[in-house]
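K.L.:
Submitted below is the structure of interest, expressed as structure tokens.
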Amino acid sequence: MGLDLSKFNSFTFMYLFHHKCFLIFLLIFLPMIVDAQNNIPDAMAKSHTDAYVSGIKTLREFLTLPNLGSNKEHIKENLAWCQKVFTELDFKIEVLTTKEVPVLLAEKKSPDKEAKTILFYLQIDGQPFDPTEWTQEDPFVPVLKIPDGEQWKTIPWAHFVPPFPPDARIFGRSTSDSKGNVVAFITALRMMKAAGKTSQYNLKVIMDFQEELGSPTLPQAVTDNKEAFAADGMIILDGTRHVSNLPTLTYGARGILSVTLRVFGPTNPMHSGQYGNFVPNPVFALSRLIGGMKDEEGRVLIPGFYDAVQLDSQTKAILSSVPDNTEELITRIGIAKPEKIGESFQESLQYPSLNIKGISAAKIGRLATTIIPEDAIAEFDIRLVPETPAEKMIELFKNYVLQAGFHLVKDEPSAEERKNYPKLAFLSFRIGSKAYRTDMNSFLGKWVEQSMQKTFGNQYVKVRSTGGSQPISPFITTLNIPALAVNIPNPDNNIHAADENLKISNFIEGINICFALLNEEIKN
């Protein structure tokens, strides 16, 4: 027996309250009311649980497709998989090819001709890996695990049924970066279709198959297909959550500039016994250059490096609202103290950074020989913020090397240059992703926050800018649209490293986030 609650309005309850039969009413009908209220979420919960199970199955299937962006066959297989899925979801699909590299655009229009258009960005490719570093046979064969003391215990897929263990994770390449995000979105779209729902805005989805290579053809693809990509705002389903593992919105990302600095010594390696104290070792010259780039507090000393960045009180308030714990952070990382750039972790991410990726000169260990090397090479990455574009930082870096008394050569120094210049160096630069930052009060920021508040209340984090880089600036600059990232994966996910993983609970929350966004009305 069920009770139709619609027949009991406020007038009915007030009438019963003022009569003796109210107690009788409660005794007879209260159990039915409670039962009716519980039946609704139970039905929804079952529907959603079925969707979660289906989503996990889809993710497992998708992860088995190798996805290195440098491999044409991998791209072809992943492209075909995405085409099939989005066709089944009633999207119009189009493959846009630039320099033989495809991107996939899927589109579904709203019946409302005045509706806004939201472009969702999905990364499909993953980082290369050394399988010997993984604790499973093949990183492209996903494995289920749960914590077991200090170790991880494998769970057979056949035994993995609801209710899912809260700490269960899927291990495999691209679980968090970023096929888990992709499948969370796809699962939410399938839930919409099963419920007969359509978004109240136009949907466009771009799938990038070379993000881990810096998306080298994406800027040209956007320029050549500006009308096809046209949108009012962009959601990036990529990036890791805040360390609290609360759902995270990220409104910006730093850009990246790669630098190679090569300092020259003798024409050929020289015997250190015969020529030590006579032939200068280029490692020392390079070391002096590097040593002068930062002080002991970690601040970059290259003139003008930070000059353009100014943080006002309003911005500092936004940054301080992020629930970071500095002591916990440095303990987890294993350092005594952080560098002194900004007053907090979040503030440090608002400035450009200078990092040494690697140094090479001669050999060490069992391959070491007693020689003075012919050169010493250092490779850097400079993380950019909107106030410090790559072109400006190139000039600052180049001027620093020149001010140190080096003569810059275009390639290998000539005999004449070797004779006339005691300090010889070669510099090369590669500009990667540009920095971007979206106003938190833009229509896009307000729309996404509406959805998050309905889903999580105030239990989510807003981050002004992530420290990493994302190759989506072509959309922002060429299409002139705001963008923000919705972060789903757990912060301890080992992306770009061995044993990359995704918590099942994060994946399920990701599905719920995407489902909420797809249902959220955009208010003009």
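Values quoted throughout were computed directly from the atomic coordinates according to the rules given, and no laboratory measurement underlies them. What you see is a predicted model, and the numbers here were worked out from it, not measured in a lab. Note that each Cβ is placed from the backbone with ideal geometry, even for glycine, and that neighbours are counted across all protein chains shown.
K.L.:
With unit charges on the beta carbons (Lys and Arg positive, Asp and Glu negative) and the dipole taken about the Cα centre of the chain, which residue among His407, Ser321, Leu289 sits farthest to the positive side?
P.N.:
Result: Ser321, furthest along the dipole toward the positive end.
K.L.:
Under unit Cβ charges (Lys, Arg +1; Asp, Glu -1), what dipole magnitude, rounded to 20 debye, does the stretch 336-407 have relative to its Cα centre?
P.N.:
Details: 8 positive and 10 negative charges, 66 e Å.
For this selection, approximately 320 debye.
K.L.:
Let me spell out the model: positive unit charges on the Cβ of Lys and Arg, negative unit charges on the Cβ of Asp and Glu, origin at the Cα centre of the chain. What dipole size does that give, in debye rounded to 20? Before the final figure, lay out each step's value.
P.N.:
Numbers: 53 positive and 60 negative charges, 100 e Å.
It comes to approximately 480 debye.
K.L.:
Sticking with this one: Could you tell me how many degrees, from 0 to 90 and to the nearest 10, lie between the Cα long axis of helix 390-403 and the main elongation axis, the longest principal axis, of the Cα atoms of the chain?
P.N.:
30 degrees
K.L.:
May I ask you to derive the relative contact order of the stretch 54-209, considering only C-alpha pairs under 8 Å and at least 6 residues apart, and to give it as an integer percent? If you can, show how the numbers build up before the last one.
P.N.:
Numbers: 219 pairs, mean separation 57.3, N = 156.
Normalised by residue count, the contact order of the stretch 54-209 is 37 percent.
K.L.:
Can I ask one more? Take the Cβ-Cβ distance between Lys193 and Lys57 as r, set R0 to 25 Å, and report the resulting FRET efficiency rounded to the nearest 0.05. It would help to have the intermediate numbers written out before the result.
P.N.:
Details: r = 17 Å, r/R0 = 0.67.
Rounded to the nearest 0.05, the efficiency is 0.90.
K.L.:
When the Karplus curve 6.51 cos²θ - 1.76 cosθ + 1.60 is applied with θ = phi - 60°, which whole-Hz ³J(HN,Hα) does each residue of the stretch 85-93 get, with x for Gly and Pro?
P.N.:
4, 6, 5, 5, 8, 6, 8, 7, 10
K.L.:
Counting Lys +1, Arg +1, Asp -1, Glu -1, what net charge surrounds Met191 among other residues with beta carbon under 11 Å of its beta carbon?
P.N.:
Details: positive: Arg190, Lys193, Lys197; negative: Asp50.
Here the count lands on +2.
K.L.:
For the stretch 352-497, with equal point scatterers placed on the C-alpha atoms only and solvent neglected, what are the log10 I(q)/I(0) values from the Debye formula at q = 0.18, 0.21 1/Å, to two decimals?
P.N.:
Values returned for q = 0.18, 0.21 Å⁻¹ are -1.19, -1.39.
K.L.:
If you look at just the Cα atoms of the chain, how large are its Rg and its Dmax in Å?
P.N.:
Taking only Cα atoms of the chain, I get Rg and Dmax of 28.1, 112 Å.
K.L.:
Using only Cα atoms, find the angle between the long axis of helix 282-291 and the longest principal axis of the chain, and express it within 0 to 90 degrees, rounded to the nearest 10.
P.N.:
The helix 282-291 is inclined about 50 degrees to the chain.
K.L.:
Give the aspartates and glutamates whose C-alpha is closer than 15 Å to that of Lys72, dropping any in the same chain fewer than 8 places away, or say none.
P.N.:
Once the sequence-local aspartates and glutamates are set aside, what remains near Lys72 is Glu100, Asp125, Asp208, Glu211, Glu212.
K.L.:
How would you order 219-225, 345-351 from highest to lowest mean count of nearby Cβ atoms within 10 Å? Intermediate values should be presented prior to the final figure.
P.N.:
Values: 219-225: 17.4, 345-351: 19.9.
Per-residue Cβ counts within 10 Å, averaged per peptide and sorted highest first, yield 345-351, 219-225.
K.L.:
Under 8 Å for C-alpha pairs, at least 6 residues apart: give me the relative contact order for the stretch 404-524, rounded to a whole percent. Display every interim value, and only then the final one.
P.N.:
Numbers: 91 pairs, mean separation 30.3, N = 121.
That works out to 25 percent.
K.L.:
Taking the mean number of other Cβ atoms within 10 Å as a proxy for protection, how do you rank 326-339, 401-414, 239-252, 436-449 from highest to lowest?
P.N.:
On the way: 326-339: 10.7, 401-414: 14.2, 239-252: 21.4, 436-449: 18.2.
The packing order, highest mean first, is 239-252, 436-449, 401-414, 326-339.
K.L.:
Follow-up. Kindly provide the helix-only [θ] at 222 nm of the chain, computed as the sum of -39,500 (n - 2.57) over DSSP H runs of four or more divided by all residues, to the nearest 500 deg cm²/dmol?
P.N.:
Numbers: 16 runs with 185 residues, N = 524.
Computed ellipticity for the chain at 222 nm equals -11000 deg cm²/dmol.
K.L.:
Roughly how many debye, to the nearest 20, is the charge dipole of the stretch 137-265 about its Cα centre, given +1 on each Lys and Arg Cβ, -1 on each Asp and Glu Cβ, and no other charges?
P.N.:
Values: 13 positive and 13 negative charges, 56 e Å.
With only Lys, Arg, Asp and Glu charged at Cβ, the dipole is about 280 debye.
K.L.:
Follow-up. For the chain, what is the percent of antiparallel DSSP beta bridges, rounded to the nearest 5? Before the final figure, lay out the partial values.
P.N.:
Details: 56 of 78 bridges.
Antiparallel: roughly 70 percent of the beta bridges in the chain.
K.L.:
What's the center-to-center distance, using Cα atoms, between the stretch 225-301 and the stretch 319-352 in Å?
P.N.:
Distance between centres, Cα-based: 20 Å.
K.L.:
Along the charge dipole of the chain, Cβ charges K/R +1 and D/E -1, which of Ala228, Leu367, Gly55 sits furthest on the positive end?
P.N.:
Toward the positive end, the furthest listed residue is Ala228.
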